[in-house]
Amino acid sequence: MFIYAMFQQYFPYELRGHAHKYTQKLVTYFYPYIQITFHELTGEKLKRSDAYFAIQNYLADHTTATAKRLKADVVKGSKSLVLTMDDHEQVMEEFQGIKIWWSSNKNTPKRPSFSFYPKTEERRYYTLTFHKRYRDAITKSYIDKVLKDGKAIAVRNRERKLYTNNSTKWSHVQFEHPANFETLAMAENEKEAVKNDLIKFSKGKEYYTKIGKPWKRGYLLYGPPGTGKSTMIAAMANLLDYDIYDLELTTVKDNSELRKLLIETTSKSIIIIEDIDCSIDLTGQRRKEKKKYESSSSSSEKKKEEEEKKSKKGSKVTLSGLLNFIDGIWSACGGERIIIFTTNFVDKLDPALIRRGRMDRHIEMSYCCFEAFKLLARNYLDLDDHELFGRIEVLLGEKEITPADVAECLMPKSETEGVESCLRELVKVLEKLKKKKKQGKKKAEEEGEVNGEENGDGESGESSSGSGESSSEDYEVAGKGRKRNSKR
Ligand SMILES: Nc1ncnc2c1ncn2[C@@H]1O[C@H](COP(=O)(O)OP(=O)(O)OP(=O)(O)O)[C@@H](O)[C@H]1O
Ligand SMILES: [Mg+2]
């Protein structure tokens, strides 16, 4: 380095080029270290290098504790302030006992002292220095590890997004849903199974390559409204740090628009199609069954369905189109994707849509059991036990209520409302439901008797009471009319 500085100072400018070349050769001959540079801008078009970006993240994560001069920056797409090594700073780290030096440098391209052209950008680069003895270990393992870790850190630190589509365009907002598996009320063993399945999937890159399958997984979440399907999707995205693409099929005109949208989705994402049975006409049978259901639905729901029908008229997305994309699209673009369908009416879905391999795991979100209630009581009221728990356990065994309705009861309505009052509210709602159920049964039995007399057939009355109960049984909770409209 000293020799080089001497040349710089004492050699005439014209000879410097040659001198530089020969000193470099001389230095390289005796210098036992190897240097690798990673430039921020590469290629003819000076595109931002992915390797530089990964190294920046890696160094920000691994060396902020040792670097003495750091610079702080708000990086676009990153959820927190990013601290990186300042220019001309050097840090050392060890890899398998090998000492490695990283330095952050910048070049300012020479330009005439006076120019009409705008100022040229500074060119930044990282230099990696190590002893030539370790060439193999560094070039074959260490650099790979740095790039891999750097990319993983970037994913972890990135601002997550919720994408929604309008026709063929995705737009996004920041995704900040607080849901997580700890606060999700459902049977503990099922919850653990879903969590393990997701984690296994997210770590399964090699496995999927080995078995020759695209790295994707399909989930079908089914259950009555208010049992936590959407909440679970948010918890899944939070667990895996994935983006969400909420695909609204009714605004997609045809299969080619659908293809365009799906191709634009990125890796590490969850693609959701909510209420799949309402999104496209899956089978003729579905339409018939919907009509039957309409007769027992309220006017606001009828209106909603009419609107859905109207929007569906404009959509020519077909079941076979959708299935082709689910099976084919990821094979072509690779990458880690989860697709989730939700429905309130699982029996009505076309079996082709939900067969294993397409929808690998079917998850039933069901009414609130006592275990789920206890979790909600802990979340909402900080309560592990209470004298009313016994009564609630019995009532939950007798009557079906959704976690959403339980949660509504457990939320204090005013600052002065205490724990006991919330629990009493829940008991009241459950008892009211029980009474209604009894009344419904009695009425159905009476009707059955009348029908039986008319038809001379006692059995038909019994079975109609079963279906009648599920489709017309309404209940109100805490002033919020929630309609129970599904039966599995
Ligand atoms: N299993 C659950 N655990 C915790 N909270 C729940 C659960 N189910 C519902 N909730 C609460 O009820 C609200 C509504 O639930 P969510 O939107 O997830 O239901 P859903 O099953 O998606 O209903 P829909 O079929 O109408 O879309 C949530 O915001 C959440 O607060
Ligand atoms: Mg939902």
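The values are calculated or read from the model by the stated rules, or taken from the named source; none is laboratory data. Quick caveat: nothing in here was measured; it's all calculated off a predicted structure. Virtual Cβ from ideal backbone geometry, glycine too; neighbours counted across all protein chains shown. Surface accessibility is based on the protein's heavy atoms, side chains included, excluding ligands, DNA and RNA. Shrake-Rupley method; radii C 1.70, N 1.55, O 1.52, S 1.80 Å.
Name the residue that is surrounded by the fewest Cβ atoms within 10 Å (Cβ to Cβ), counting only residues in the stretch 155-187 that are within 16 Å of the chain's Cα centre (by Cα) and among the aliphatic types (A, V, I, L, M).
Of everything passing the filter in the stretch 155-187, VAL173 is surrounded by the fewest Cβ atoms within 10 Å (Cβ to Cβ).
Given the condition open to solvent by 30 Å² or more (accessible area, probe 1.4 Å), within 16 Å of ligand 1 (Cβ to nearest atom) and farther than 20 Å from ALA193 by Cβ, answer yes or no: does some residue in the stretch 346-353 qualify?
yes
Can you find, within the stretch 402-430, the residue that is most open to solvent (accessible area, probe 1.4 Å) among those that are among the acidic types (Asp, Glu), more than 12 Å from ligand 1 (Cβ to nearest atom) and assigned to a helix (DSSP H, G or I)? Give the derivation first.
Kept after step one, since they are among the acidic types (Asp, Glu), are these residues of the stretch 402-430: 405, 408, 415, 417, 420, 425.
Filter once more, so that each one left must be more than 12 Å from ligand 1 (Cβ to nearest atom): 415, 417, 420, 425.
Next cut, assigned to a helix (DSSP H, G or I) only: 420, 425.
On the way: GLU420: 71, GLU425: 48 Å².
Ranking the candidates gives GLU420 first.
Take the residues in the stretch 205-229 that are open to solvent by less than 10 Å² (accessible area, probe 1.4 Å) and closer than 21 Å to ARG355 by Cβ, then tell me which one is farthest from ligand 1 (Cβ to nearest atom). Talk me through it step by step, then tell me what you get.
Initially, the stretch 205-229 is screened for residues open to solvent by less than 10 Å² (accessible area, probe 1.4 Å), giving 218-221, 223-224, 227.
Cutting the leftovers down to closer than 21 Å to ARG355 by Cβ gives us 218-221, 223.
Values: GLY218: 18, TYR219: 13, LEU220: 13, LEU221: 8, GLY223: 6 Å.
This residue is GLY218.
One residue is enough: does the stretch 365-378 have a residue meeting the conditions surrounded by 14 or more Cβ atoms within 10 Å (Cβ to Cβ), acidic (Asp, Glu) and away from ligand 1 (no atom under 16 Å from the Cβ)?
Looking for residues that are surrounded by 14 or more Cβ atoms within 10 Å (Cβ to Cβ), acidic (Asp, Glu) and away from ligand 1 (no atom under 16 Å from the Cβ), one finds none in the stretch 365-378, hence no.
Based on what the data block shows, is THR416 closer than 28 Å to TRP215 by Cα and of a type in the set (S, T, N, Q)?
Working: closer than 28 Å to TRP215 by Cα: no; of a type in the set (S, T, N, Q): yes.
So THR416 fails the test.
Report every pair of residues separated by at least 6 positions or lying on different chains whose Cβ atoms are under 6 Å apart, first residue within the stretch 215-228 and at positive phi, second within 11 Å of ligand 2 (Cβ to nearest atom).
Hits for this filter: GLY223/MET365; GLY226/ALA404; GLY228/MET365.
On the given criteria, is LEU262 modelled with pLDDT of 80 or more, surrounded by 13 or more Cβ atoms within 10 Å (Cβ to Cβ), within 20 Å of the chain's Cα centre (by Cα) and assigned to a helix (DSSP H, G or I)?
Yes, satisfied.
Taking the stretch 379-397 as the region of interest, how many residues are away from ligand 1 (no atom under 16 Å from the Cβ) and open to solvent by 50 Å² or more (accessible area, probe 1.4 Å)?
7
Quick check: is even one residue across the stretch 31-48 modelled with pLDDT under 80, within 35 Å of the chain's Cα centre (by Cα) and part of a helix (DSSP H, G or I)?
Taking every residue of the stretch 31-48 in turn, none turns out to be modelled with pLDDT under 80, within 35 Å of the chain's Cα centre (by Cα) and part of a helix (DSSP H, G or I).
If you go through the stretch 189-241 one residue at a time, how many are closer than 16 Å to ILE271 by Cβ and within 16 Å of ligand 2 (Cβ to nearest atom)?
10
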